[in-house]
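The values are calculated or read from the model by the stated rules, or taken from the named source; none is laboratory data. Note that the structure is a prediction, hence the values are computed from the model and not measured. So basically every Cβ, Gly included, is an ideal-geometry build from the backbone, and we count neighbours across all protein chains shown. The area values use the complete protein model at the heavy-atom level, side chains included, leaving out ligands, DNA and RNA. Shrake-Rupley method; radii C 1.70, N 1.55, O 1.52, S 1.80 Å.
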Amino acid sequence: MDKEVLKYRRLREEMVRQQIEARGVTAPRVLAAMRKVPRHLFVSEALRDQAYGDFPLPIGEQQTISQPYIVAEMTQALDLSPSDRVLEIGTGSGYQAAVLAQIAYRVYSIERIRALYVSARRLFDELRLHNILTRYGDGTKGWEEEGPFDAIIVTAGAPEVPESLLAQLAPGGRMAVPVGGAHTQELIRITRDEQGIHRSRLGGCRFVKLIGEEGWKEH
Ligand code: SAM
């Protein structure tokens, strides 16, 4: 096998063991997906060798690809099964969507910055991730025509949980969303059952802002 491919596979294995399993992520499907997706292809060539480090990285347009552990933790919080349809707000590099696409039936991902939307779409096609559908626009309103969703993940920090996203969460559905201030937030897990909506806190996190009609205002 190609030397580069082997090198990145080894870095990926180390990432899963030292950053993800070591911090308590145990879901076999999540660990398998994190071992499989070539994270180095979701950053610029200059940053490839840092792609498996324990930190977020810049992806242009003042946005970031999240730290590997956060991607794994949020994916585990969604408790996905192979028949699930998942909505992601904030495609960014496309990495989180690619991880979700290993586990779920279909991923619907929305991005508000055109350049990021275009490059992620191109990469999904190159990697033959045909179960990822993409959309350019404000994701705080969700994707009503395709809802309700079994799971919703918001990968940008919201001042409050957008009402439109709550409305598009199916009965039995799970949502992971960072909620709080402009610089630090708390990761919230939301579930919906016959009794209604339930929230639990998963811990502190730092995301770029969710900007849109039901998020932060642009300025
Ligand atoms: N999931 C991404 C990945 O795997 O690379 C990381 C996303 S980055 C932390 C947050 C992304 O959310 C940015 O690309 C940003 O442009 C996008 N974003 C912010 N507000 C948004 C909105 N209202 N609708 C869609 N995307 C939004």
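I59 fulfils the conditions (1) within 13 Å of the ligand (Cβ to nearest atom); (2) assigned to a loop (DSSP other than H, G, I, E, B); (3) open to solvent by less than 60 Å² (accessible area, probe 1.4 Å) except for a single criterion, (2). The single residue among V118, V154, V99, V71 that is among the β-branched types (V, I, T) and more than 16 Å from the chain's Cα centre (by Cα) turns out to be V118. Residues that are surrounded by 24 or more Cβ atoms within 10 Å (Cβ to Cβ) and without any contact (Cβ under 8 Å) to a residue 40 or more places away in the chain within region 62-101 comprise V71, A97, listed in sequence order.
May I ask you to say which residue of G157, G204, G180, G172 is open to solvent by 20 Å² or more (accessible area, probe 1.4 Å) and closer than 21 Å to P68 by Cβ? Spell out how you get there, then give the answer.
Values: G157 fails: open to solvent by 20 Å² or more (accessible area, probe 1.4 Å); G180 fails: closer than 21 Å to P68 by Cβ; G172 fails: closer than 21 Å to P68 by Cβ.
Sole residue among the options that is open to solvent by 20 Å² or more (accessible area, probe 1.4 Å) and closer than 21 Å to P68 by Cβ: G204.
Scanning region 113-136 turns up no residue that is polar (S, T, N, Q), buried (at least 23 other Cβ atoms within 10 Å of the Cβ) and within 13 Å of the ligand (Cβ to nearest atom).
What are the residues in region 159-184 that are in contact with a Phe, Trp or Tyr (Cβ under 8 Å, 6 or more places away or on another chain) and within 11 Å of the ligand (Cβ to nearest atom), if any? Spell out the reasoning first.
Let us first name the residues in region 159-184 that are in contact with a Phe, Trp or Tyr (Cβ under 8 Å, 6 or more places away or on another chain), namely 159, 168-170, 173, 178, 182.
Result: P178, single match.
Of all the residues in region 62-96, those that are closer than 22 Å to L165 by Cα and either charged (D, E, K, R) or more than 10 Å from the ligand (Cβ to nearest atom) (or both) number 16. Only one entry in V25, V30 is in a loop (DSSP other than H, G, I, E, B), under 20 Å from V154 (Cα atoms) and open to solvent by less than 30 Å² (accessible area, probe 1.4 Å), namely V25.
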